[in-house]
Amino acid sequence: ICLPFEVSNFKNMLGFQYTIRFDSTKLQYKEVKNFGLPGYGPPDFGTRFESRGVLSSLWSDPSLEPRTLEDGSKLFDLCLTAIGDAGDESVVRLSNGPTPFEFIDQGMTRYRLRYANGLVKIE
């Protein structure tokens with residue numbers, strides 16, 4: 001399954017970082033793809049602890065030019081493989097660690113992240 005990560009109120013951003021968590025007994029990391037920002041790609045994801053259900057991400061605009069995306073624009077797709085049993089569920093959530101939340105705009109203002117978690121149900 002591939003889950004889209006989309007944004008809203010993404011205005012004049014220079015960079016961000018965060019952690020994604022999921023239940024590694026039910027889901028296995030496969031890949032990230034379909035990126036919506038310049039310079040943002042698979043190398044910007046820390047997969048050292050993916051076997052524990054932890055991915056981290058860091059992006060900063062390579063030109064130091066602030067970026068604005070329309071509401072609903074995709075940052076990327078996170079693709080996972082179901083390894084649990086039928087009926088199992090796993091929340092896919094953003095987490096403030098080990099890589100803490102940080103979103104910074106052109107004025108070096110730090111923003112609070114508002115987000116919605118996802119739920120994967122294995123059939």
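The values are calculated or read from the model by the stated rules, or taken from the named source; none is laboratory data. Keep in mind that what you see is a predicted model, and the values were worked out from it rather than measured. For neighbour counting, all protein chains shown are included, and Cβ atoms are generated from backbone atoms with ideal geometry for every residue, glycine included. Only protein heavy atoms, including side chains, enter the accessible area calculation; ligands, DNA and RNA are left aside. Shrake-Rupley method; radii C 1.70, N 1.55, O 1.52, S 1.80 Å.
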| task | Find all pairs meeting these conditions: Cβ atoms under 7 angstrom apart; at least six residues apart or on different chains; first residue within the range 62-80 and over 16 Å from Gly118 (Cα atoms); second residue open to solvent by less than 70 Å² (accessible area, probe 1.4 Å) and acidic (Asp, Glu). | result | Pro66/Asp105; Arg67/Asp61
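Rundown of residues vs (1) open to solvent by less than 60 Å² (accessible area, probe 1.4 Å); (2) modelled with pLDDT under 90, yes/no style:
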{"position": "Glu70", "(1), (2)": "no, no"}
{"position": "Phe76", "(1), (2)": "yes, no"}
{"position": "Asp88", "(1), (2)": "yes, no"}
{"position": "Val91", "(1), (2)": "no, no"}
{"position": "Ser95", "(1), (2)": "yes, no"}
{"position": "Glu102", "(1), (2)": "yes, no"}
{"position": "Tyr111", "(1), (2)": "no, yes"}
{"position": "Arg114", "(1), (2)": "no, yes"}
{"position": "Gly118", "(1), (2)": "yes, no"}
| note | Log entry, pairs with first residue in the range 94-118 being without any contact (Cβ under 8 Å) to a residue 60 or more places away in the chain, second being surrounded by 11 or more Cβ atoms within 10 Å (Cβ to Cβ), beta carbons closer than 6 Å, six or more apart or on different chains, reads Arg110/Ile104; Tyr111/Phe103; Tyr115/Leu94; Asn117/Val91; Asn117/Arg93
